[in-house]
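Below: one structure, written as structure tokens.
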Amino acid sequence: MSVFRDNIPSPKAFETWFSPIKPISLEGDTFTIEVPSDFFRDYLEENYLELIAAVLRREIGPKVKLVYKVKILSGASTTEKSKARSVFRNAEIPIPNAGDKYSGSPYAIPGIKQLEIDPCLNSQYSFDDFIEGDCNRLGRAAGLSISDKPGRNTFNPLFIYGGPGLGKTHLAQAIGIAVKEKHPEKVVLYVTANTFQNQYMNAACSAKSGHDGNKVADFLRFYQLIDLLIIDDVHDFADKKGTQGAFFHIFNYLHQSGKQLILTSDKPPVELQGLEQRLLSRFKWGLSAELLPPSYETRLAILKAKCRREGVEMSDEVLSYIAHNVKNNIRELEGILFSLIANATFAQKNISLALARDIVEKIVTEPKIEITIPKIQNTVCQYFGISEDMFMSKTRKREIVQARQIAMYLSRNMTKTSLASIGEALGGKDHATVLHACNTVNDLIDTDRNFRSYLHDIEKMLNTVE
């Protein structure tokens, strides 16, 4: 430990991150240590792995492997329990060699028959860690079906959409991981739309400058060899004509060849702007699965699963408090949990309800009012003095139609619900009706002062009335 102490400038950092480490065994080239939690292990790897690797190579040898044993904690205490060994979880991490690099651009080695590439999948995004609930059941079921028969199902492409932090990337990568496990011969690649765009631009620029006229052809050829292509945040293709054209040809080739495509977006295809119609029409060929904010029960299940994975015990009281007060998305939920673990680790505090309250109050910005479609409908009916039965009827009376249009407009702008879901909730209308209603309201806002006053009054009611 003296070597690490000499190479870490801060004594406090050494005491926090190296004093708790316990050497367990050295068998051949395998060195085993005990650490308090998965969070602790991840922090070591992110901040001190190069130092640890250098020291172990010098002391043990160039082929050394580091094995972590992570034990379950009670609160944030690191006190050894008599049964702690029975709940250890092993994690073997090969130490990277000096000079190892990860390439963010996987193409292009043209002419090879079987690609050997990194699929760019995060092992933590598996189906085992994807908690099922009403918010994601359709997408999860479709994903499992795809993992059994990629490319040979009716869900091609699978278009996953929803607000930020609801699990789109997790679900898409979980499918990729499952396909690699069940069909190891398949070539799987996960790539963000932004990375795809940069790769295409680099290829196009090389071709234009005369450095490599075949670069675009190599780019297209590489993607045509993929068996399962996952494009994350496909809405980022908006207004990028060249990239859309390249992806259009790749999409067609893969789909016609029986290869699987999975796309994620913050909106359903019908609401995407700046994308060519020929591309949007192909996005609709398979299944569009919406991910919604999780219910309290799902949020609680997610927290419990994360605690098990991190090797940390928390009381039901603490977990219930977090699940009740962090509602926006799963990413925020996990952020609160990891902030709680980090604060407890740094300050050597127990994970208590008081600490959870303090962190939630500092991080979470709760909306003043939770605005839902039923709340909007009730408020509009109250404002115009019409019954809900009349509002939901098929009457074409001007005042009723206008009230419905206002409710649709407010639902689109004040909730994260898709047009199709808004139409279904407000009288069983289709997305085209909702879109027309929103356009009509926008026109009236620009031309009718009284209408603007109505809208302002209703928005004020929604933001001030519980």
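The values are calculated or read from the model by the stated rules, or taken from the named source; none is laboratory data. The structure displayed is predicted, hence computed values, not measured ones. Here the Cβ positions follow ideal geometry from the backbone for every residue, glycine too, while neighbour counts run over all protein chains shown.
Structure data summary
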{"quantity": "Residue satisfying all of: in region 166-187; within 14 Å of the chain's Cα centre (by Cα) and outside any helix (DSSP H, G or I); nearest to residue 130 (Cα to Cα) among these", "calculated": "167"}
{"quantity": "Residue within region 192-212 that is within 14 Å of residue 259 (Cβ to Cβ), surrounded by 21 or more Cβ atoms within 10 Å (Cβ to Cβ), among the aliphatic types (A, V, I, L, M) and touching a residue at least 24 places away in the same chain (Cβ under 8 Å) present", "calculated": "no"}
{"quantity": "Residues of region 131-165 satisfying the condition of being within 16 Å of residue 180 (Cβ to Cβ) and within 16 Å of the chain's Cα centre (by Cα)", "calculated": "143"}
{"quantity": "Looking only at region 273-313, and only at residues there that are hydrophobic (A, V, I, L, M, F, W, C) and out of contact with any Leu (no Cβ under 8 Å at 6 or more places or on another chain), the one that is surrounded by the fewest Cβ atoms within 10 Å (Cβ to Cβ)", "calculated": "305"}
{"quantity": "Selection from region 408-466 of residues that are basic (Lys, Arg) and either in contact with a helix residue (DSSP H, G or I) (Cβ under 8 Å, 6 or more places away or on another chain) or not assigned by TED's automatic domain parsing to the domain that holds residue 395 (or both)", "calculated": "412, 429, 452"}
{"quantity": "Hey, residue 190 more than 17 Å from residue 118 (Cα to Cα) and either among the basic types (Lys, Arg) or part of a strand (DSSP E or B) (or both) or not", "calculated": "no"}
{"quantity": "Given (1) touching a His at 6+ places or on another chain (Cβ under 8 Å); (2) modelled with pLDDT of 95 or more; (3) not small (Gly, Ala, Ser), index of the condition residue 230 fails", "calculated": "(1)"}
{"quantity": "Residue that is nearest to residue 176 (Cα to Cα), among those in region 232-245 that are in contact with a helix residue (DSSP H, G or I) (Cβ under 6 Å, 6 or more places away or on another chain) and of a type in the set (A, V, I, L, M, F, W, C)", "calculated": "234"}
{"quantity": "Helices (runs of 4 or more DSSP H) contained in region 355-466 and holding at least 3 residues polar (S, T, N, Q)", "calculated": "373-384, 398-414, 431-447, 449-464"}
{"quantity": "Which numbered condition residue 314 misses (of (1) in contact with an Asp or Glu (Cβ under 8 Å, 6 or more places away or on another chain); (2) outside the structural domain of residue 169 (by TED's automatic domain parsing))", "calculated": "(1)"}
{"quantity": "Out of 339, 320, sole residue that is surrounded by fewer than 18 Cβ atoms within 10 Å (Cβ to Cβ), modelled with pLDDT of 85 or more and touching a Leu at 6+ places or on another chain (Cβ under 8 Å)", "calculated": "320"}
{"quantity": "Extreme residue, farthest from residue 313 (Cα to Cα), among residues of region 15-62 that are surrounded by fewer than 16 Cβ atoms within 10 Å (Cβ to Cβ) and among the basic types (Lys, Arg)", "calculated": "58"}
{"quantity": "Among residues of region 255-273, those that are touching a strand residue (DSSP E or B) at 6+ places or on another chain (Cβ under 7 Å), of a type in the set (A, V, I, L, M, F, W, C) and in contact (Cβ under 8 Å) with a residue 60 or more places away in the chain, counted", "calculated": "3"}
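Conditions (1) of a type in the set (D, E, K, R); (2) over 25 Å from residue 416 (Cβ atoms); (3) in contact with a helix residue (DSSP H, G or I) (Cβ under 7 Å, 6 or more places away or on another chain); (4) in a loop (DSSP other than H, G, I, E, B), marked per residue:
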| residue | (1), (2), (3), (4) |
| --- | --- |
| 221 | yes, yes, no, no |
| 230 | no, no, yes, no |
| 255 | no, yes, no, no |
| 270 | no, no, yes, no |
| 280 | no, no, yes, no |
| 289 | no, no, yes, no |
| 299 | yes, no, yes, no |
| 305 | no, no, yes, no |
| 324 | no, no, yes, no |
